[in-house]
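Participant: Sending over a structure as structure tokens; questions will come in a sec.
The values are calculated or read from the model by the stated rules, or taken from the named source; none is laboratory data. Computed from a predicted model, the values in this text were never measured in an experiment. Cβ sites come from the backbone with ideal geometry, for glycine too, and all protein chains shown count toward neighbours. Accessible surface areas use protein heavy atoms only, side chains included; no ligands, DNA or RNA. Shrake-Rupley method; radii C 1.70, N 1.55, O 1.52, S 1.80 Å.
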Amino acid sequence: MTNAKFVNDAEIIEFVLSNTRIFNTELFTDTSALRVEEIGDGNINFVYRITNDQQSVIVKQALPYVRIIGEGWPLSLDRIRIEAQCLKEEGAWAADYVPAVYYFDLARSAFIMQDIGDHENLRHALIARRSLPELGRHLGEFLAETLFHTSDFYLDTYQKKAAVADYINPDLCKITEELFFLDPFCDHERNSVNPPLREAAEALWQDEALKIEAARLKYHFMNDAQALLHADLHSGSVFVKAEATQVIDPEFAFYGPMSFDIGSIIGNLLLNFAGQPGLEGAAEEKQDYREYLLNTIDTLWATFCSRFKTLVSEQCKDPVFASAGFVDAFIANTWRESMGYAGTELIRRTIGLAHVADLDCIEDINVRAVSEKFALDLGSALIKQRQEIKSPQVLKALIQAI
């Protein structure tokens, strides 16, 4: 086999049938009716569902370039190995929140995983104002378990340094470094700016204090290898039901600052908060959902803190790091830096290359610009004032002021 794209449905079905014996049992009991559906709407990889309506799996395959561009934008195939390996690692510590990986084929640059098609994309759920009472708790537990167990709080020095090397991911990190910390802070050709927002964008590009703080965040992102990050934890990478949450697509995974994952997902909740006034629905309904979003952030952070501290007290192997005073200071700093990364997510999703439907589905460009201006103002404040934003309560007060 080579890493060439699957040529037809029969080849994909054969790949699945040859590699889905789980606990000595064939996953598919009826193979005669198997069919293949291409379901990937991403920019980089190919994603297929193989199903006979009783059982189903997902196959994800990478090619050595960006899918929507072609060979003009090459990417390392090692990203698919990193993604499959990260899913397994995260599943070892947070099995309730990560789909199972059944098989990885290095030569084919493809893996087979559990189908979570009965879940809904979180971004769509937020736009539709779904009630997700467990979302904050689930995300907080996922973050605490995966970040603690891949950090120096849990791993010994040899394990940790070997893991950092195993997850070196320069191609994908470079994309993040540019799309988060470069493009949105200058008049870059990759940016996409709503015309009524142009004046606000140009003012942001002239904010030297903001750009200095963004540079500090970039340096922190590139050099503080605290834990294994998902590193692309936006609401499009989370799938939900009323009582269940699943996190997928960690192909950007590498060892970096815990605050980047935390800030990224908080930033996505705040993007939906920003978009609510322009979305369809009654004003009271929108305001209630905004309160729900802020409460979800509060629950996420409270759950993360509680679970992380419990893990340290029960499983930390380094007595130096087990000090309660050190842990408290570490967590406090993690929250503040998370605010900065939430700010970069707000800004880059508003005027950068990759927008979000929470804002873009607002059809009237002038109405949309009001939500976008709020997102830019909040993002800038989060970046510049992150050292003063010491709790979710201070975050709420900042939002109220803006």
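Participant: Kindly write out, for the stretch 229-244 in residue order, the coupling ³J(HN,Hα) from the Karplus curve 6.51 cos²θ - 1.76 cosθ + 1.60 (θ = phi - 60°), rounded to whole Hz, with x marking Gly and Pro.
Facilitator: Coupling constants for the stretch 229-244: 9, 5, 6, 8, 8, 9, 5, x, 9, 10, 10, 9, 10, 3, 10, 8 Hz.
Participant: Also: Tell me the trypsin sites (Lys or Arg not before Pro) within the stretch 302-358 that lie in a loop according to DSSP and have at most 16 other beta-carbon atoms within 10 Å. Before the final figure, lay out the partial values.
Facilitator: Values: sites: R307, K309, K317, R336, R348, R349; in loops: K317.
When the trypsin sites (Lys or Arg not before Pro) of the stretch 302-358 are filtered for loop state and at most 16 Cβ neighbours within 10 Å, K317 remain.
Participant: Same structure again: Taking 37 °C and 0.692 mPa s as the conditions, I'd like the Stokes-Einstein D for the stretch 254-402 in µm²/s, using the Kirkwood hydrodynamic radius from alpha carbon pairs. Don't jump to the answer; show the numbers that get you there.
Facilitator: Working: Rh = 16.3 Å.
Rounded to a whole number, D works out at 202 µm²/s.
Participant: Using only Cα atoms, tell me the angle between helix 324-351 and the longest principal axis of the chain; keep it within 0 to 90° and round to the nearest 10.
Facilitator: The helix 324-351 is inclined about 90 degrees to the chain.
Participant: If you look at just the Cα atoms of the stretch 1-115, how large are its Rg and its Dmax in Å?
Facilitator: In order Rg, Dmax, the Cα atoms of the stretch 1-115 give 14.2, 43 Å.
Participant: Report, by chain and number, residues whose modeled amide H sits under 5 Å from the one on L229, excluding near sequence neighbours (fewer than 5 apart, same chain).
Facilitator: So L229 has HN proximity to F254, Y255, G256.
Participant: Considering only Cα-Cα distances, which of the following residue pairs are longer than 27 Å: K88/K160; K88/K384; K161/K317; K5/K174; K174/K390? Display every interim value, and only then the final one.
Facilitator: Working: K88/K160 17 Å; K88/K384 37 Å; K161/K317 16 Å; K5/K174 25 Å; K174/K390 30 Å.
The answer is K88/K384; K174/K390.
Participant: So if I average 1/r over every pair of distinct C-alpha atoms in the stretch 165-291 and take the inverse, what Kirkwood radius in Å does that give?
Facilitator: Details: mean 1/r = 0.0594 Å⁻¹.
Hydrodynamic radius (Kirkwood, Cα only) of the stretch 165-291 equals 16.8 Å.
Participant: What list of ³J(HN,Hα) couplings, whole Hz, do you get for the stretch 210-222 from phi and the Karplus terms 6.51, -1.76, 1.60, once you set θ to phi - 60° and write x for glycine and proline?
Facilitator: Once θ is set to phi - 60°, the couplings for the stretch 210-222 become 5, 5, 5, 5, 5, 5, 4, 5, 4, 4, 4, 4, 7 Hz.
Participant: Relative to the longest principal axis of the C-alpha atoms of the chain, give the angle of the C-alpha long axis of helix 258-275, reported between 0 and 90° and rounded to the nearest 10°.
Facilitator: 70 degrees
Participant: If you don't mind, another one. With a sphere of radius 12 Å drawn around the Cβ of D187, what net charge do the other residues whose Cβ falls strictly inside it have (Lys, Arg +1; Asp, Glu -1)?
Facilitator: Values: positive: R190, R198; negative: D183, E189, E202.
Net charge around D187: -1.
Participant: Moving on to the next point. Give or take rounding to whole Å, what are the principal axis extents of the alpha carbon atoms in the chain, in descending order?
Facilitator: Taking the Cα atoms of the chain, the three principal extents are 61, 56, 42 Å.
Participant: Apply the Karplus parameterisation 6.51 cos²θ - 1.76 cosθ + 1.60, with θ equal to phi minus 60°, to every residue of the stretch 78-90 and state each ³J(HN,Hα) to the nearest whole Hz, in sequence, with x for glycine and proline.
Facilitator: 4, 4, 6, 5, 4, 4, 4, 5, 5, 4, 5, 5, 5
Participant: If I fit a long axis through the Cα atoms of helix 157-166 and take the longest principal axis of the Cα atoms of the chain, what angle between them do I get, 0 to 90°, rounded to 10?
Facilitator: Tilt of helix 157-166: around 80 degrees.
Participant: Just in the stretch 12-93: which chymotrypsin sites (Phe, Trp or Tyr not before Pro) are loop by DSSP and have at most 10 other Cβ atoms within 10 Å? Walk me through the intermediate numbers first.
Facilitator: Working: sites: F15, F23, F28, F46, Y48, Y65, W93; in loops: F23, F28.
Taking the stretch 12-93 and a limit of 10 other Cβ atoms within 10 Å, the loop chymotrypsin sites (Phe, Trp or Tyr not before Pro) found are F23.
Participant: D for the stretch 90-208, whole µm²/s, Stokes-Einstein with Kirkwood Rh over alpha-carbon pairs at 37 °C and 0.692 mPa s: what number?
Facilitator: On the way: Rh = 18.9 Å.
Translational diffusion coefficient: 174 µm²/s.
Participant: Another one. Whole number please: convex hull volume per residue, Cα atoms of the stretch 85-149, in Å³. Display every interim value, and only then the final one.
Facilitator: Numbers: hull volume 6.8 nm³, N = 65.
So the per-residue hull volume is 105 Å³.
Participant: How big is the convex hull of the Cα atoms of the stretch 35-171, per residue, in Å³? Before the final figure, lay out the partial values.
Facilitator: Details: hull volume 19.9 nm³, N = 137.
Taking the convex hull of the Cα positions in the stretch 35-171, it is 145 Å³ per residue.
Participant: Another question about this same structure. Under the rule that an exposed site lies in a DSSP loop and has at most 13 other Cβ atoms within 10 Å, name the longest stretch of the chain with no GluC sites (Glu not before Pro) of that kind, not counting the sites themselves. If you can, show how the numbers build up before the last one.
Facilitator: Details: sites that count: E189, E243, E280, E363, E388.
For GluC sites (Glu not before Pro) (loop position, at most 13 other Cβ atoms within 10 Å), the longest site-free span of the chain is 1-188.
Participant: Roughly how far apart, in whole Å, are the Cα centres of the stretch 359-402 and the stretch 79-118?
Facilitator: 35 Å
Participant: Return the carbon/sulfur percentage of the accessible area of the chain, one whole number, probe 1.4 Å, all protein chains in place. Can you show the working numbers first?
Facilitator: Details: 8730 of 16960 Å².
Roughly 51 percent, rounded to a whole number.
Participant: Collect residues whose amide H, placed 1.01 Å from N in the peptide plane, falls under 5 Å from the amide H of A94; neighbours closer than 5 in sequence don't count.
Facilitator: Here nothing satisfies the definition.
Participant: Please state the shape class of the stretch 280-326: rounded when a/c is under 1.5, otherwise prolate if a/b exceeds b/c and oblate if not, all from the C-alpha gyration tensor.
Facilitator: Here the stretch 280-326 falls in the prolate category.
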